[in-house]
Amino acid sequence: MVDRLLADEAATREAGNDIAAALKPGDVLALHGDLGAGKTTLARAIIRSLAGDPELEVPSPTFTLVQAYPGRLPVAHFDLYRIGDPDEMRELGLEEALVEGAALVEWPDKAGVYLPETTIHVKLSEEGSGRRLAIDGPDAAMARFDRTFAIRRFLDDSGRRHARRGYLAGDASARSYETIGGDGAIELLMNAPRQPDGPPIRDGKPYSQIAHLAESVLPFVAIDETLRARGLCAPQIRAADLDAGLLLIEDLGRGTILAQDGTPIGERYRASAQMLADMHRHDWPHDIALASGSTYHVPAYDRAAMAIETELLIDWYLPFAAGRPATDDERGAFRAAWQALFARLDEAEKGLVLRDFHSPNIIWREGETGTDRIGIIDFQDALIGPTAYDVASLAMDARVSISEELEAGIRNAYVDARGADFDRAGFEEAYAIMSAQRNSKIVGIFVRLDVRDGKPQYLKHLPRIRDYLERATRHASMAELRALYRSMQVLPEGAA
């Protein structure tokens with residue numbers, strides 16, 4: 001249970017801001033309290049936070065019974081004070097509101113059996129010159145509310161008392177981001193709670209350990225400090241609670257390398273490739289000494305990590321696309337083909353691999369020059385491995401359709417920036433292998449996000465990733481894998 005003393009109206013509005021940050025589709029908040037206890041004040045603050053508009057007009061629905069509001073999460077505000085029979089709930093549209101949004105219900109006792117068992121109960125009562133807030137509900141929901149109020153304590157302890165929290169973005173992981181601030185400068189909150197390990201899948205280890213995925217915010221802090229020390233544009237960390245998985249970081253801006261219609265801006269992609277070329281001229285240590293005095297070891301992008309990622313294709317994508325699991329012979333041929341390719345990477349250039357360097361994670365900083373134009377975020381999973389990987393991640397952007405002409409331009413911009421002595425032939429082979437490796441991983445991840453995690457929106461990217469796989473496997477060193485992918489119908493129709 002959450003139990004908080006709200007000193008005044010401002011504290012009630014702040015609690016509404018915190019509650020809004022925890023809500024997700026399907027949530028019902030039953031607002032309990034006497035007349036004048038602050039239910040409408042709290043509801044109004046929640047609705048304004050979800051709408052991202054602190055001045056939004058939110059009248060009491062006493063006479064209309066229900067009022068719907070759009071926002072990052074649509075919300076329906078119910079006031080049941082005037083209904084005479086719980087059966088009237090059938091006509092008010094609660095079930096429809098919960099399909100994609102949440103509901104706030106004042107006078108919930110009048111709803112009878114029509115509130116779901118998962119309802120979250122919020123009680124307001126007068127206490128001294130303020131009011132007491134108590135929240136209770138299912139364990140899963142309460143974990144979210146405990147987290148949101150922990151974030152508020154972190155902000156208070158960091159000198160950001162009464163800061164307004166705004167939804168920014170989430171991603172395919174458990175991380176989420178918020179804007180933090182009021183009418184002045186904005187900072188960003190990274191909310192990255194430590195995740196429990198999944199089930200062991202190989203050699204007693206879960207997928208996250210084999211693939212060397214970050215399990216805390218410590219890797220982000222370490223890589224961030226190292227990038228900044230070498231003059232690259234990563235966000236300054238303003239405050240941190242490593243144990244809680246909370247970071248307050250500099251906002252590098254909202255510029256992107258995409259046009260307003262979502263298409264790639266070639267100049268910005270080529271500038272990003274030039275930044276990678278600058279980054280790859282540096283030496284990057286496996287062990288990073290942090291300002292706190294501790295040391296972080298950057299894992300190697302080893303064969304085990306690369307292999308377990310490629311197998312996402314055969315474990316998830318193939319059953320989805322072919323309607324059948326892979327045969328034992330296909331699995332054997334798949335692993336043999338990839339091990340042969342990984343062996344060819346032994347002599348490839350190694351350096352820091354950001355691992356997800358593409359449009360969602362690149363901030364274009366208009367008005368800056370050189371590498372300062374490229375703001376880098378989302379690098380907590382960085383490894384030491386083949387430098388060609390990040391070039392492939394950029395030039396075959398998983399979220400944007402990159403033409404073959406632009407892809408070649410990005411590669412050329414990178415190679416030209418590396419100088420006359422750069423081994424282009426070795427790079428081109430490593431680029432092809434890492435392009436195929438990354439896109440094999442991504443087709444599997446996107447299907448897994450749909451099947452396992454209920455996120456079907458990623459499936460729209462599959463045709464693009466299949467096209468990228470076709471391009472990557474054209475290289476002479478990829479002939480065996482190309483033939484195998486063609487036999488498994490992984491490549492798009494018409495691929496020779």
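Bear in mind that the values in this text are calculations on the coordinates, not laboratory data. In this text, all values refer to a predicted model and were calculated from it rather than measured experimentally. Every residue, glycine among them, receives a Cβ derived from its backbone with ideal geometry; neighbour counts consider all protein chains shown.
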Open item on the list: Taking the Kirkwood radius as the inverse of the mean 1/r across Cα pairs, report the Rg/Rh of region 293-340.
Closed with: 1.21
- [ ] List, in the order given, every pair from Lys24/Lys123; Lys205/Lys350; Lys205/Lys460 whose Cα-Cα distance in the structure shown is over 29 Å.
- [x] Lys205/Lys460
Task: Karplus-derived HN-Hα couplings along region 411-419 (A = 6.51, B = -1.76, C = 1.60, θ = phi - 60°), whole Hz, x at Gly and Pro - done: 4, 5, 4, 5, 4, 4, 5, 6, x
Task: Contour minus Cα-Cα distance for Arg344 and Arg228 (0.36 nm per residue) - done: 38.5 nm
Task: Stokes-Einstein D (µm²/s) once Rh is taken as the Kirkwood radius of region 1-140 over alpha-carbon pairs, at 37 °C in 0.692 mPa s - done: 220
Task: Orientation-averaged projected area, Cα convex hull of the chain (nm²) - done: 26.4
- [ ] Could you estimate the translational diffusion coefficient of region 102-159 from the Stokes-Einstein equation, with Rh from the Kirkwood formula over C-alpha pairs, at 10 °C and 1.306 mPa s, in whole µm²/s?
- [x] 117
- [ ] May I ask you to evaluate 6.51 cos²θ - 1.76 cosθ + 1.60, the Karplus curve with θ = phi - 60°, for each residue of region 386-396 and list the ³J(HN,Hα) values in order in whole Hz, giving x for glycine and proline?
- [x] x, 5, 4, 4, 5, 5, 5, 4, 6, 6, 10
Open item on the list: Show me, for region 329-345, the HN-Hα J-couplings you get by feeding each phi into the Karplus relation (A = 6.51, B = -1.76, C = 1.60, θ = phi - 60°), rounded to Hz, glycine and proline as x.
Closed with: 5, 5, 4, x, 5, 4, 5, 5, 4, 6, 4, 5, 5, 4, 4, 6, 7
Open item on the list: What whole-number volume per residue, in cubic angstrom, does the convex hull of the C-alpha atoms of region 67-216 give?
Closed with: 191
- [ ] Measure out, as a whole number of angstrom, how far apart the alpha-carbon centroids of region 394-440 and region 96-117 sit.
- [x] 53
Open item on the list: As an exercise, use a Förster radius of 56 Å and the Cβ-Cβ distance of Arg331 and Glu127 to find the FRET efficiency, rounded to the nearest 0.05.
Closed with: 0.30
Task: Projected area, mean over directions - region 330-407, Cα convex hull, nm² - done: 7.3
- [ ] Could you pull out every residue, at least 5 positions away or on a different chain, whose amide H is within less than 5 Å of the one on Cys233? Hs are placed 1.01 Å off N in the peptide plane, and Pro or chain starts have none.
- [x] Ile376
Open item on the list: Suppose the Debye formula is applied to equal point scatterers at every Cα of region 241-367; what is log10 I(q)/I(0) at q = 0.17, 0.20, 0.21 Å⁻¹?
Closed with: -1.17, -1.19, -1.21
- [ ] Return the inverse of the average 1/r over all pairs of distinct C-alpha atoms in region 368-454, which is the Kirkwood hydrodynamic radius, in Å to one decimal.
- [x] 14.8
Task: Those aspartates and glutamates that a straight Cα-Cα span of less than 12 Å connects to Lys110, excepting residues fewer than 8 apart in one chain - done: Asp79, Asp85, Asp87, Glu88
- [ ] Using just the helices of the chain, give the 222 nm mean residue ellipticity in deg cm²/dmol: DSSP H runs with n ≥ 4 each add -39,500 (n - 2.57), and the total is spread over all residues, rounded to 500.
- [x] -11500 deg cm²/dmol
Open item on the list: Below 8 Å, C-alpha to C-alpha, sequence gap of six or more: please give me the relative contact order for the chain in percent.
Closed with: 12
Open item on the list: Based on alpha-carbon centroids, what's the gap between region 323-349 and region 1-33 in Å, whole number please?
Closed with: 52
Task: Long-range Cα-Cα pairs in region 321-474 (distance over 21 Å), rounded percent - done: 51
Open item on the list: Rounded to the nearest 5, what % of DSSP beta bridges with both residues in the chain are antiparallel?
Closed with: 75
TODO: Taking H placed 1.01 Å from N in the peptide plane, check which residues at least 5 places from Arg399 or on another chain put their amide H under 5 Å from its amide H.
DONE: Ser359
- [ ] Quick one: which residues, 5 or more positions from His162 or on another chain, have an amide H under 5 Å from its amide H? H modelled 1.01 Å from N in the peptide plane, none for Pro or chain starts.
- [x] none
